[in-house]
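Before any comments, here is the structure.
The values are calculated or read from the model by the stated rules, or taken from the named source; none is laboratory data. Computed from a predicted structure; not experimentally measured. Heads up, the Cβs are rebuilt from the backbone with ideal geometry, glycines too, and the neighbour counts pull from every protein chain shown.
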Amino acid sequence: MNVIDLFAGAGGLSEGFRKAGFNILSHVEMDQSASLTLKTREAFYFLKEKDKLHIYEDYLLKKISRDELYSHIPKDILNRVINAEITDETIGGIFKSVDKSIGNQKISVIIGGPPCQAYSLAGRARDPERMLNDPRNYLYKQYIKFLSKYSPEIFVFENVMGILTAQSGEIFQNIKKEMNEAGYEIDYKVLNSKDFGVCQSRKRVILIGWKKELTFSYPNFENIQVAKKTIRNLFEDLPILKAGEAINERDGYTKRSTKYLVADSIRETDWNVLIQHIARPNRELDLNIYRYAVEKWDTEGRKIKYDELPKTWQTQKNTQSFLDRFKVIPYDDVSHTVVAHIAKDGHYYIHPSKEQNRSISVREAARIQSFPDNYYFEDSRTAAYKQIGNAVPPLMAYHLAKNILDKI
């Protein structure tokens, strides 16, 4: 079943759908760094199929350049990634590029979710106009244009919980109405990634639409059986890292892959190249706060409040609100939601080890989101964090895709 991935980001949705057996023919993404990540992932799958993963590993280990890596990949594979913003002015050209990628093949499924900043509660809180005039409120209309042109049997539309209440619920009512007018029955639920085996509590609205003539109904995801996992399970083969340090090398792990990591496709048994285990440098003040936060979590089982810190550590004037600025990721539970703000600082994602005393690395963040260890995020450390924070967890996407396929 052929798929178009819209607003694709770093490719979390398409990674899960691909694992479930779907054929991803085209990705559309406006961010250049994320688009390069998608191309590099296409390169990975092509080289894996040709039994030439040593070329990909050489790239990861910086033995060859990105251009050299891409020189081994047919242009039509790389051209599946369309780096463009979807607007009224660009959509015609994007359709032409997608048409080249799919040729005469029928599109069965469209997946994706428009950027969520206009719908998010945090975005509305920061904007004096509460995002009322943000054009991103209406990107769903571009999504519907793809439904009208390619007429897939099924589509999956993902977004943040705030989409349900944006503009007093009017936006979501319009989305449902216009999707229905495009020829689709729809249903939606708020789903939590931890219920799909992801080591993270992350609630998202998952709307599924299907052609009115199809005999189909929203899958019962409550029947998914997953083992309980913790951050301790997730991190146990990763080496100790201090703030500002990085490990990107073959045989960088401290032990063989575990049953849990293999079962969830995070680290295959034969994968030994540890990449992007990179921790950002921190000020001594932040490290003092991290140490204090972990100590309070370990001894009292509680998260600290900003106003309880010693006065000399309080550099923010606001001590009345947003007091949960520093959060420890617990060893013996799942993580709280990883969001794109991790690209700006790591205060919300403090590593639970006092010995390491830092915020989580790029690879640790990727694992919390259930990305495989062989998944490479292009460009800078900051760009990688942003891509990870914006992504749909691939393991959640896999279960979505598998259950949709079973029902079809």
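Here are the criteria: (1) at negative phi; (2) not acidic (Asp, Glu); (3) not assigned by TED's automatic domain parsing to the domain that holds Gly112. Tell me which single one Val205 does not satisfy.
Answer for Val205: the failing condition is (3).
Within the stretch 31-48, can you find the residues that are in contact with a Leu (Cβ under 6 Å, 6 or more places away or on another chain) and either over 26 Å from Ala340 (Cα atoms) or in the same structural domain as Arg250 (by TED's automatic domain parsing) (or both)?
Passing the criteria: only Leu47.
Residues that are more than 22 Å from the chain's Cα centre (by Cα), touching a residue at least 40 places away in the same chain (Cβ under 8 Å) and more than 24 Å from Ile360 (Cα to Cα): which strands (runs of 3 or more DSSP E) entirely in the stretch 152-269 hold 1 or more of them?
203-211
Conditions tested, residue by residue: (1) surrounded by 24 or more Cβ atoms within 10 Å (Cβ to Cβ); (2) assigned to a loop (DSSP other than H, G, I, E, B); (3) out of contact with any helix residue (DSSP H, G or I) (no Cβ under 8 Å at 6 or more places or on another chain).
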position	(1), (2), (3)
Asp333	no, yes, no
Phe377	yes, yes, no
Ile388	yes, no, no
Ala397	yes, no, no
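Looking at the stretch 248-263 only, could you name the residues that are among the hydrophobic types (A, V, I, L, M, F, W, C), over 14 Å from Thr230 (Cα atoms) and either surrounded by 17 or more Cβ atoms within 10 Å (Cβ to Cβ) or at pLDDT below 95 (or both)?
If the condition is that a residue be among the hydrophobic types (A, V, I, L, M, F, W, C), over 14 Å from Thr230 (Cα atoms) and either surrounded by 17 or more Cβ atoms within 10 Å (Cβ to Cβ) or at pLDDT below 95 (or both), then Ala263 is the only one that fits.
Are there any pairs with C-beta distances below 6 angstrom linking a residue in the stretch 294-319 that is farther than 26 Å from Glu355 by Cβ to a residue that is among the charged types (D, E, K, R) and assigned to a helix (DSSP H, G or I), with the two at least 6 apart or on different chains, and if so which?
Sorted first by the residue in the stretch 294-319, then by its partner, the pairs are Thr319/Asp307.
Which numbered condition in (1) within 19 Å of Asn83 (Cα to Cα); (2) surrounded by fewer than 24 Cβ atoms within 10 Å (Cβ to Cβ); (3) within 16 Å of the chain's Cα centre (by Cα) is the only one that Thr37 fails?
(2)
Pick out the one residue from Asp324, Asp307 that is part of a loop (DSSP other than H, G, I, E, B) and acidic (Asp, Glu).
Testing whether each residue is part of a loop (DSSP other than H, G, I, E, B) and acidic (Asp, Glu) leaves just Asp324.
Of all residues in the stretch 154-200, which are closer than 18 Å to Tyr398 by Cβ and among the hydroxyl-bearing types (Ser, Thr, Tyr)?
Correct list: Ser193 only.
Can you name the residue in the stretch 264-286 that is in contact with a Leu (Cβ under 7 Å, 6 or more places away or on another chain) and crowded, with 21+ Cβ neighbours inside 10 Å and, of all such residues, is nearest to Arg250 (Cα to Cα)?
Per the stated criteria, the residue is Ile275.
Give the residue that is surrounded by the most Cβ atoms within 10 Å (Cβ to Cβ), with candidates limited to residues of the stretch 185-203 that are farther than 18 Å from Ala391 by Cβ and among the acidic types (Asp, Glu).
For the stretch 185-203, the residue satisfying everything is Glu185.
Considering only residues that are part of a loop (DSSP other than H, G, I, E, B) and either surrounded by fewer than 18 Cβ atoms within 10 Å (Cβ to Cβ) or of a type in the set (Ser, Thr, Tyr) (or both), which ones fall in the stretch 337-356?
Of everything in the stretch 337-356, those that are part of a loop (DSSP other than H, G, I, E, B) and either surrounded by fewer than 18 Cβ atoms within 10 Å (Cβ to Cβ) or of a type in the set (Ser, Thr, Tyr) (or both) turn out to be Thr337, Lys344, Asp345, Tyr348, Tyr349, Ser353, Lys354, Glu355.
Which numbered condition in (1) closer than 19 Å to Leu395 by Cβ; (2) under 16 Å from the mean Cα position of the chain (by Cα); (3) aliphatic (A, V, I, L, M) is the only one that Val109 fails?
Of everything listed in (1) closer than 19 Å to Leu395 by Cβ; (2) under 16 Å from the mean Cα position of the chain (by Cα); (3) aliphatic (A, V, I, L, M), Val109 misses just condition (2).
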